[in-house]
Amino acid sequence: MNNQYRQLTQAERYQIGALCKLGFTARRIANEMQRGNKTISNELKRCPDGQYCANTAHGHAEQMRRRARKHTKCSELVQKRIESLLLVGLSPEQIAGRMRLERFSGAVSCGTIYSLVNKLCWRVLLARKGKRYRPRKGAEAGVHLIPGRVDIDERPTHIEDKIEVGHWEGDTVYGQDSYLVTMVERVTKILLTCRVKNKTKKNVARAIKKMLKPFKHLCHTITFDNGGEFAGHQLIGKYLDCKVYFAKPYHSWQRGLNENTNGLLRRFFPKGMAIKSLPKKEIEQAQLLINMRPRKALNYFSPIEFLTGKRVSLIAAI
């Protein structure tokens with residue numbers, strides 16, 4: 001017998017009523033229905049006059065459910081709103097934070113949303129589907145491919161404080177037949193992405209210069225990983241008048257924001273997906289949706305809101 005408790009259905013209550021009329025005891029009814037003795041005993045107490053009525057008992061149970069804190073905490077309307085927000089890529093923590101920010105009447109906690117995710121089998125809707133990060137091991141990676149490489153140890157320490165806007169992290173995301181170059185600003189969390197047919201240093205450098213040209217006044221430093229595609233970093237730094245640094249090999253947390261944002265981008269373009277023939281608008285839409293995600297680090301404002309200073313009602317719009 002399954003030990004997990006299940007609430008009695010109305011059909012089961014009709015069955016209890018029929019067995020009561022046949023003179024069955026609570027224990028015998030429990031055995032007949034493969035239910036716990038306590039469950040049946042408590043159910044019969046819903047009609048204290050001794051005459052069990054399925055309709056009366058079911059009405060009493062529904063009334064108790066409506067009054068229960070757990071039942072009212074997450075109504076069907078709120079569940080649908082949460083599901084819609086999960087479908088557009090928000091995490092339970094972001095949904096809960098944004099609900100508080102917008103003072104949504106049905107606001108619930110992050111823990112409640114995770115419980116709902118597990119209860120309704122919504123883990124596939126999570127950005128990473130519950131998968132844990134597996135660290136890689138190595139020593140040098142592509143260090144020898146990058147002439148004039150400047151290690152992250154030489155980067156000014158105040159950048160870690162994430163107070164000054166203008167410090168970027170860069171990487172590439174590969175598809176089946178082409179690549180996406182990604183740039184993320186450390187304070188605003190804004191994402192810029194551009195497709196390249198291959199990741200030669202020339203193509204990647206051209207893409208980065210094109211993406212960051214409108215933000216040239218807000219580009220003080222860039223931190224890359226150690227891929228050979230960033231061997232043209234000196235040209236990038238000269239064009240944008242910024243300093244370029246490189247994280248240590250296999251220390252992805254030194255560019256944690258970029259790695260996390262790449263994971264969000266992977267939700268739209270999974271590994272092995274052919275992206276060469278994708279319409280440019282589809283890539284731009286994915287970028288927009290990520291930049292509209294509320295961030296805990298920004299007090300649940302989105303990167304676009306933080307950068308522009310303009311608010312939108314995200315919860316009401318979904």
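The values are calculated or read from the model by the stated rules, or taken from the named source; none is laboratory data. If you're wondering where the values come from, they're calculated on a predicted model, not measured in any experiment. Glycine gets a Cβ as well: all are built from the backbone with ideal geometry, and neighbour counts include every protein chain shown. When the accessible area is computed, the model is the full protein with side chains, heavy atoms only, and any ligands, DNA or RNA have been set aside. Shrake-Rupley method; radii C 1.70, N 1.55, O 1.52, S 1.80 Å.
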With Cα atoms, 0 to 90° folded angle of helix 54-67 axis to the chain main axis: 40 degrees
Quick check: at a probe of 1.4 Å, how many percent of the accessible area of the range 226-284 sits on carbon and sulfur atoms? 55 percent
Computed E for residue 160/residue 297 - FRET, C-beta separation, R0 22 angstrom, nearest 0.05: 0.95
Mind ranking 54-62, 251-259 by how tightly packed they are, going by the mean number of other C-beta atoms within 10 angstrom, highest first? 251-259, 54-62
Report, to the nearest 10°, how far helix 256-268 tilts away from the longest principal axis of the Cα atoms in the chain, using its own Cα long axis and a range of 0 to 90°. 60 degrees
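Under a Cβ-Cβ cut-off of 9 Å, what is the net charge of the residues other than residue 104 that fall near it, where Lys and Arg count +1 and Asp and Glu count -1? Each step should come with its number before you reach the end.
Numbers: positive: 81, 98, 100, 103; negative: 102.
Neighbourhood net charge equals +3.
Which order do peptides 101-108, 79-86 fall in by mean Cβ count within 10 Å, highest first? Kindly include the intermediate steps, with their values, before the conclusion.
Details: 101-108: 15.2, 79-86: 18.4.
Answer by packing, highest mean first, reads 79-86, 101-108.
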What accessible area, in Å² to the nearest ten, does a 1.4 Å probe give for residue 266? 50 Å²
Accessible area of residue 49, 1.4 Å probe, to the nearest 10 Å²? 120 Å²
Compute the acute angle (0 to 90°) between the alpha-carbon long axis of helix 110-119 and the principal axis of greatest extent of the alpha-carbon atoms of the chain; round to the nearest 10°. 70 degrees
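Considering Cα pairs under 8 angstrom that are at least six residues apart, work out the relative contact order of the chain and quote it in whole percent.
17 percent.
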Largest-first principal axis extents, alpha carbons of the chain, Å: 90, 41, 40
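Could you give the accessible area per residue of the chain, probe 1.4 Å, as a whole number in Å²?
Values: 18550 Å² over 318 residues.
Per-residue accessible area for the chain comes out at 58 Å².
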Using θ = phi - 60° and the Karplus form 6.51 cos²θ - 1.76 cosθ + 1.60, what ³J(HN,Hα) does each residue of the range 24-39 get, whole Hz, x for Gly and Pro? 6, 7, 4, 5, 5, 4, 4, 5, 5, 9, 6, 10, x, 4, 5, 4
Taking 33, 183, 292, 64 and ranking on accessible area (1.4 Å, protein atoms only), highest first, one gets 64, 292, 33, 183
Using a Förster distance of 41 Å, how high is the FRET efficiency between residue 271 and residue 144, based on the Cβ-Cβ distance and rounded to 0.05? 0.95
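Could you give the size of the charge dipole of the chain about its Cα centre, using +1 on the Cβ of each K and R and -1 on the Cβ of each D and E, expressed in debye and rounded to the nearest 20? Display every interim value, and only then the final one.
Numbers: 59 positive and 27 negative charges, 127 e Å.
The dipole of the chain has a size of about 600 debye.
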